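A.B. asks: Here it is, the structure in full.
The values are calculated or read from the model by the stated rules, or taken from the named source; none is laboratory data. On a predicted model such as this, the values are computed, not experimentally measured, just so you know. Cβ sites come from the backbone with ideal geometry, for glycine too, and all protein chains shown count toward neighbours. Only protein heavy atoms, including side chains, enter the accessible area calculation; ligands, DNA and RNA are left aside. Shrake-Rupley method; radii C 1.70, N 1.55, O 1.52, S 1.80 Å.
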Number of protein chains: 2
Amino acid sequence: MKKEVSKSNVTPWEVSGKINYERLVKDFGVSSMPTNLIAKTKNLHPLLRRGFYFSHRDFDSWVKDAESKKKVSILTGRGPSEKMHVGHLVPFLIAKSLQDKYKCNVYIPFSEDEKYFVKKDLGFEEAKKFTEENISHIIALGFDMKKTFFSRDFNDPELYSNSAKIAKLITYSEVKAIFGLKPENNIGWSFYPAVQAYHILLPQLKKGPHKTLVPVGIDQDPFIRLTRDIATHSSLKLNKPSAIYSKFLSGLRGGSKMSSSSGLETDLIFLTDTQNEVKRKINKYAFSGGKDTLEAHRKHGGNPEIDVSFQYLKAIFETDDKKLSKIEKNYRSGKLTTGELKAYTIEKINFFLKEHQKKLTKARKDAKKIFS
Amino acid sequence: MKKEVSKSNVTPWEVSGKINYERLVKDFGVSSMPTNLIAKTKNLHPLLRRGFYFSHRDFDSWVKDAESKKKVSILTGRGPSEKMHVGHLVPFLIAKSLQDKYKCNVYIPFSEDEKYFVKKDLGFEEAKKFTEENISHIIALGFDMKKTFFSRDFNDPELYSNSAKIAKLITYSEVKAIFGLKPENNIGWSFYPAVQAYHILLPQLKKGPHKTLVPVGIDQDPFIRLTRDIATHSSLKLNKPSAIYSKFLSGLRGGSKMSSSSGLETDLIFLTDTQNEVKRKINKYAFSGGKDTLEAHRKHGGNPEIDVSFQYLKAIFETDDKKLSKIEKNYRSGKLTTGELKAYTIEKINFFLKEHQKKLTKARKDAKKIFS
């Protein structure tokens, strides 16, 4: 069932194919996540301590300031979409975990405009209407609402003047080269890199120069690089933002990235899925690293590296390291069957979603207040 | 003294050379101003009834609605510059004259962003600081402040969402072709046509679809054409804006267009010039259509068509048609000398500026309130 695409493609607007993350570290010119840094941050979310965030730019200097109680902050955004799925959780879980540990501000802009410019058939009102639903899910994750700041691009009075200031520093040929823009793309799209840089610099534009961190998928590095290039310009005088880069959480069928744009409901677990939907999807679609027959599985064992259920447990749903380690060992040895692994994964995901959906009712009320 | 440039160039960002207006009507595909329309609007400012506004798009349908007391409005903008000169008055004098006659709303956005994007060395704060001074001069012209609406691009909360809506309808290759954008231009500049279209549609975005008129130099027609193309799109559903196109008021030395960007103080009369400065500038620099000697002048007469003083009187400063006609006749016959014509022009300009500068003190106070 796993898609076999030999050539991979990783740009801010497309991720496809089988991804070689070591190769990406080289291609993008980022740094591998150093183990001593992970040790330092060991009380953090599994996504960080288990290597899902596999590379970075200047994360060490951000941690240094955070550890010495200097002002630091986090920026992560969201291009609002109709329904949020489990893959969308990745940067927010890390942001919340770092906020819990370092009590720092988190800024979350909603880039309704990017979606609008890039998706040909997405209408203006349609692009706007998903923001409120998306923000509810993010609030429900438990951010400290006194230290978390939301904004939306189509209703941010400071966006244009700041983005314009930045836009003057970026030529069309630069964005064309970095993002592969085509002449037939609309002029909103060619301006958007300035808006994205504004997002990344938002914490510093609000609170003055300090160390900021952007947890983000590796595909977004071109935006980070561009923003780092201009941050210190004399018209801005800000610090270069730090970034940590995640791998992509795969779709159920083991594709390169869980993504709504594939349009395949059979590849996604939504945050609003019912317990039965999760059960059905995992059982029916989750790509298995087990052997074809129970006999062969018992004899040769399964491969957790390519098993989607195991990967979901490892990234998000099994936070207990000892339990995860035992599952991995037993699956590899063949003691644990695919059916048992899936049953456990369903239980863990459903526990997470039940708690999440419980908090969602209040979060929706809070969301209404924010943009009213 | 007159610059002889054989090849003319007329784009929104450059006007140079000797301009053949009949040719422009053809090149731009606009319509010549019909005489019956001028007759209908005969109580209006000399700029209109003496043919300075020489061409149009759909002016007739705007006049029809205005005459039948339907809602109509006017849009004219200003790219704020350090000092306003006499050439800058042209669209505002017409806008005020049409407002006086038809009691309609006038919208005046200040495009600080355009100046900022286009002028390489113009800083962000510098680009912003001219707006308040410029607005004072416009207020001093006597607009009905209850029907006149000012906005500035770097502080207009509705600008970005509206411009983004428009930007989705315009491709980079279109703006490249229309405005001659180069890859080395910044991405603010490539987005700006969407902002300009937003300005042109501003009256309708505020008050719903109706007939709007843009009095503007013929060099700005590409913006009008682009905006007319998108106005009726299903995401906007607005009327195509009408436009009237002016010739360029020449600089003192008879160049194609009085323009601060030439940087030649000897070519410009500023709205803040003293009576003596005006006297000195007209006497020393104003290109004369008279003959080289008094004897030759008396015998062969002067040429008012190329005489800058006469052109200033005709466009703005001599509003009495009978007096202007007499001056033209006497200058052509040689009865009126260049010295006498200049003396009269100095008197008329100084009368205008004295009145203007008197109103400026109060206008500056009003301006402060508008953007505070």
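A.B. asks: Roughly to the nearest percent, how much of the accessible area of region A:262-371 is carbon and sulfur, given a 1.4 Å probe? Let's see the in-between values first.
C.D. replies: Values: 3270 of 6050 Å².
Looking at region A:262-371 in its full context, I get 54 percent from C and S.
A.B. asks: Taking R0 as 35 Å, what's the FRET efficiency between B:Trp13 and B:Thr361 from their Cβ-Cβ distance, rounded to 0.05?
C.D. replies: Values: r = 34 Å, r/R0 = 0.98.
That gives a FRET efficiency of 0.55.
A.B. asks: Compute a Gaussian network model of chain B, connecting alpha carbons closer than 10 Å, and tell me which residue from B:Pro215, B:Pro46, B:Pro34 fluctuates the most.
C.D. replies: Sorting by GNM fluctuation, first place goes to B:Pro34.
A.B. asks: Among B:Met84, B:Met258, B:Met145, which one moves the most in a GNM of chain B with springs linking Cα atoms closer than 10 Å?
C.D. replies: The residue that fluctuates most here is B:Met145.
A.B. asks: Would you mind computing, in nm to one decimal, how far apart the modelled labels at B:Asn303 and A:Lys284 are, each placed 7 Å from Cα along Cα→Cβ?
C.D. replies: Output for this residue pair reads 8.6 nm.
A.B. asks: How much accessible area does B:Val10 have with a 1.4 Å probe, in Å² rounded to the nearest 10?
C.D. replies: 30
A.B. asks: Just to check I understand the Karplus step: with θ = phi - 60° and J = 6.51 cos²θ - 1.76 cosθ + 1.60, what whole-Hz values come out for region A:266-280, glycine and proline as x?
C.D. replies: In residue order, the calculated couplings are 6, 10, 10, 10, 8, 5, 9, 4, 6, 4, 5, 4, 4, 4, 4 Hz.
A.B. asks: Let me ask something else. Search the structure for amide H atoms under 5 Å from the amide H of B:Ser250, placed 1.01 Å from N in the peptide plane, and list their residues when 5 or more places away or on another chain.
C.D. replies: Under 5 Å from the amide H of B:Ser250 lie the amide H atoms of B:Met258, each far enough along the sequence or on another chain.
A.B. asks: Just need the relative contact order of region B:85-154 here, percent rounded to a whole number, with Cα pairs under 8 Å and 6+ apart. Display every interim value, and only then the final one.
C.D. replies: Numbers: 56 pairs, mean separation 33.0, N = 70.
So the answer I get is 47 percent.
A.B. asks: Under the rule a/c < 1.5 gives rounded, and otherwise a/b versus b/c splits prolate from oblate, where does region A:20-246 land using the Cα gyration tensor?
C.D. replies: rounded
A.B. asks: Under 5 Å between amide hydrogens, which residues at least 5 positions from B:Gly334 or on another chain qualify, with H placed 1.01 Å from N in the peptide plane?
C.D. replies: Sorted by chain and number, the residues that satisfy this are B:Gly302.
A.B. asks: Step through the residues of region B:20-28 one at a time and calculate ³J(HN,Hα) from phi using the Karplus curve (6.51 cos²θ - 1.76 cosθ + 1.60, θ = phi - 60°), rounding each to whole Hz and writing x for Gly and Pro.
C.D. replies: 3J(HN,Hα) across region B:20-28, in whole Hz: 9, 5, 4, 4, 4, 4, 5, 4, 7.
A.B. asks: What does the copy distance list look like for A:His300, label position 7 Å along Cα→Cβ, in nm and ordered from shortest?
C.D. replies: Here A:His300 shows inter-copy label distances of 10.5 nm.
A.B. asks: Measure off, as a whole percent, the carbon and sulfur share of the 1.4 Å-probe accessible area of region B:1-117, all protein chains present.
C.D. replies: On the way: 2480 of 5320 Å².
Of all accessible area on region B:1-117, carbon and sulfur atoms account for 47 percent.
A.B. asks: Suppose a student asked you for the relative contact order of region A:262-371, using Cα pairs under 8 Å spaced at least 6 residues apart; what percent would you report? Please list the in-between numbers first.
C.D. replies: Numbers: 105 pairs, mean separation 31.1, N = 110.
With pairs under 8 Å counted, the relative contact order is 28 percent.
A.B. asks: Whole Å is fine, so just give me how far the alpha carbon centre of region B:88-167 lies from that of region B:238-297.
C.D. replies: If we compute the Cα centre of each part, the gap is 23 Å.
A.B. asks: Once ligands and nucleic acids are excluded and a 1.4 Å probe is used, how much of B:Ser173 is accessible, expressed in Å² to the nearest 10?
C.D. replies: 50
A.B. asks: Now for a separate question. Residues of region A:78-119 with backbone nitrogen within less than 16 Å of a virtual label 7 Å along the Cα-to-Cβ line of A:Lys71, please, listed as ranges.
C.D. replies: Residues passing the 16 Å test: A:103-107.
A.B. asks: Just from its helices, what would the mean residue ellipticity at 222 nm be for the protein assembly as shown, if runs of 4 or more DSSP H residues each count -39500 (n - 2.57) and the sum is divided by every residue, rounded to the nearest 500 deg cm²/dmol? Could the numbers behind the result be given before it?
C.D. replies: Working: 32 runs with 366 residues, N = 744.
Helix contribution divided over all residues of the protein assembly as shown: -15000 deg cm²/dmol.
A.B. asks: Nearest 10 degrees is fine. How inclined is helix A:321-333 to the longest principal axis of chain A, computing both from alpha carbons?
C.D. replies: Between the helix axis and the principal axis of chain A, the angle is about 50 degrees.
A.B. asks: Which whole-Hz ³J(HN,Hα) couplings does region A:194-207 yield from phi under the Karplus relation 6.51 cos²θ - 1.76 cosθ + 1.60, θ = phi - 60°, glycine and proline marked x?
C.D. replies: The phi angles translate into 5, 5, 5, 5, 4, 4, 5, 8, 3, x, 6, 5, 7, 10 Hz.
A.B. asks: Another question about this same structure. Compute the signed sum of charges (Lys and Arg +1, Asp and Glu -1) over the other residues within less than 12 Å, Cβ to Cβ, of B:Lys329. Walk me through the numbers before you get to the answer.
C.D. replies: Numbers: positive: B:Lys322, B:Lys323, B:Lys326, B:Arg332, B:Lys335; negative: B:Glu328.
Cβ neighbours under 12 Å give a net charge of +4.
A.B. asks: Same structure, new question: Mind ranking B:319-327, B:342-350 by how tightly packed they are, going by the mean number of other C-beta atoms within 10 angstrom, highest first? If you can, show how the numbers build up before the last one.
C.D. replies: Values: B:319-327: 13.4, B:342-350: 19.2.
Highest-to-lowest ranking by the protection proxy: B:342-350, B:319-327.
A.B. asks: Another one. Any chance you could give the angle, 0 to 90 degrees and rounded to 10, that helix A:124-140 forms with the longest Cα principal axis of chain A?
C.D. replies: 60
A.B. asks: Using a label point 7 Å beyond Cα on the Cα-Cβ vector, give me the inter-copy distances for A:Ser372 in nanometres, one decimal, shortest first.
C.D. replies: Label-point separations across copies, in nm and ascending: 3.4.
A.B. asks: Let me ask you something else. Rank B:Ser151, B:Ser32, B:Ser234 by mean-square fluctuation in a GNM of chain B with C-alpha springs under 10 angstrom and give only the top-ranked residue.
C.D. replies: The residue that fluctuates most here is B:Ser234.
A.B. asks: Using a label point 7 Å beyond Cα on the Cα-Cβ vector, give me the inter-copy distances for B:Gly339 in nanometres, one decimal, shortest first.
C.D. replies: Shortest to longest, the spacings are 11.6 nm.
A.B. asks: With contacts defined as alpha carbon pairs under 8 Å and 6 or more residues apart, what's the relative contact order of chain A in percent?
C.D. replies: Values: 580 pairs, mean separation 73.2, N = 372.
The value is 20 percent.
A.B. asks: List every residue whose amide H lies under 5 Å from the amide H of B:Ser55, counting only residues 5 or more places away in sequence or on a different chain, with H placed 1.01 Å from N in the peptide plane.
C.D. replies: Here the answer is B:Met33, B:Tyr245, since their amide H atoms fall under 5 Å of that of B:Ser55.
A.B. asks: Continuing with this model, one more query. Can you tell me how much longer the chain between A:Lys64 and A:Ser372 gets when fully stretched, taken as 0.36 nm per residue apart minus their C-alpha distance, in nm with one decimal? All intermediate terms of the calculation are to be shown ahead of the outcome.
C.D. replies: Numbers: separation 308, 0.36 × 308 = 110.88 nm, distance 3.81 nm.
Separation in residues times 0.36 nm, less the Cα-Cα distance, equals 107.1 nm.
A.B. asks: In nm, what is the difference between 0.36 nm times the number of residues separating A:His233 and A:Glu22 and their Cα-Cα distance? Spell out each step's value before the answer.
C.D. replies: Details: separation 211, 0.36 × 211 = 75.96 nm, distance 3.17 nm.
Contour length minus the Cα-Cα distance gives 72.8 nm.
A.B. asks: Enter the buried accessible area of the B/A pair, total of both sides, probe 1.4 Å, in Å² rounded to the nearest 100.
C.D. replies: Summed over both sides, the interface buries about 2800 Å².
A.B. asks: Also: With +1 assigned to the C-beta of every Lys and Arg and -1 to the C-beta of every Asp and Glu, and no other charges, what is the dipole magnitude of the protein assembly as shown about the Cα centre in debye, to the nearest 20?
C.D. replies: Roughly 1180 debye, rounded to the nearest 20.
A.B. asks: Keeping all protein chains in place, calculate the accessible area per residue for chain A (probe 1.4 angstrom), answer in Å².
C.D. replies: Heavy-atom SASA per residue in chain A reads 44 Å².
A.B. asks: If I model a spin label at A:Asn36 and B:Lys206 as a point 7 Å from the Cα along the Cα→Cβ vector, what separation in nanometres do I get?
C.D. replies: Modelled inter-label distance: 6.2 nm.
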